[in-house]
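The values are calculated or read from the model by the stated rules, or taken from the named source; none is laboratory data. The structure presented is a predicted model; accordingly, all values stated were derived computationally and were not measured. As a convention, Cβ positions derive from the backbone with ideal geometry for all residues, glycine included, and neighbour counts pool all protein chains shown.
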Amino acid sequence: MTTRPILAAELAVAWADIQQQHVELPDLAAPESLINETSSACGPGPSFERLLHEAVHGVAAVRGIRDTSRAGRYHNRRFLVVACELGLDHPTEAHVSTGLSSVRMRPDTQRLYSPTVARLQLALDAYSEDVCEAESVFLGPAARFGASGAGVRVKAVCRCGRNLRVVRSVLVKAPILCGRCGAPFVTPTPS
């Protein structure tokens with residue numbers, strides 16, 4: 001019988017692998033806090049690429065570099081400079097609301113970390129099997145410390161005209177009901 005990898009432990013090991021290449025990177029205090037029900041600019045779900053993205057924020061913080069604005073949503077050129085040092089690249093123009101957040105691993109980075117990526121993928125697959133009905137997404141350090149890393153909020157309205165702003169992933173999980181009319185809040189369809 002083979003032991004199933006534990007995702008939090010594998011995230012910590014993968015972080016340590018990044019630290020071996022980038023000694024400035026601070027320790028990862030609570031790897032289990034990196035898994036949460038939220039969305040990220042780098043796509044849904046934990047991944048090694050997402051872990052590298054968060055490592056960029058860690059190195060930037062140690063260096064005192066302000067790498068984001070707009071409550072942590074907009075990733076600026078200073079973020080990209082550090083991302084390039086960690087083996088990430090931004091293949092397109094800056095996104096209007098998230099800036100340069102959609103970084104991707106370069107081929108040399110993929111080769112360097114291929115054993116780590118393979119180990120982490122095994123843990124992710126096991127984790128997905130264990131919680132297949134739950135949506136799990138990587139929650140980075142910025143979101144854990146109060147920045148709005150939980151995603152872009154959308155406007156939702158009820159039939160009596162009240163509205164609120166909410167992260168789309170929260171709205172699709174279960175209806176949010178209006179206290180006045182009892183109708184669910186929904187995102188309006190464009191006319």
| said: Restricting to the range 78-100, give me the number of residues that are surrounded by fewer than 12 Cβ atoms within 10 Å (Cβ to Cβ) and free of Cβ contacts under 8 Å to residues at least 40 places away in the same chain. | reply: 4
| query | For the subset of the range 111-125 comprising residues that are modelled with pLDDT under 95 and in contact with a helix residue (DSSP H, G or I) (Cβ under 7 Å, 6 or more places away or on another chain), which member is surrounded by the most Cβ atoms within 10 Å (Cβ to Cβ)? | reply | Leu120
| said: Cβ-Cβ distance below 6 Å, separation of 6 or more or different chains: which pairs start in the range 48-75 with a residue that is on the phi > 0 side of the Ramachandran plot and end on one that is surrounded by fewer than 20 Cβ atoms within 10 Å (Cβ to Cβ) and in a loop (DSSP other than H, G, I, E, B)? | reply: Ala71/Ala147; Ala71/Ser148; Gly72/Ala147; Gly72/Ser148
| note | Of (1) touching a Ser or Thr at 6+ places or on another chain (Cβ under 6 Å); (2) surrounded by fewer than 21 Cβ atoms within 10 Å (Cβ to Cβ); (3) at pLDDT 90 or above, His75 fails just (2)
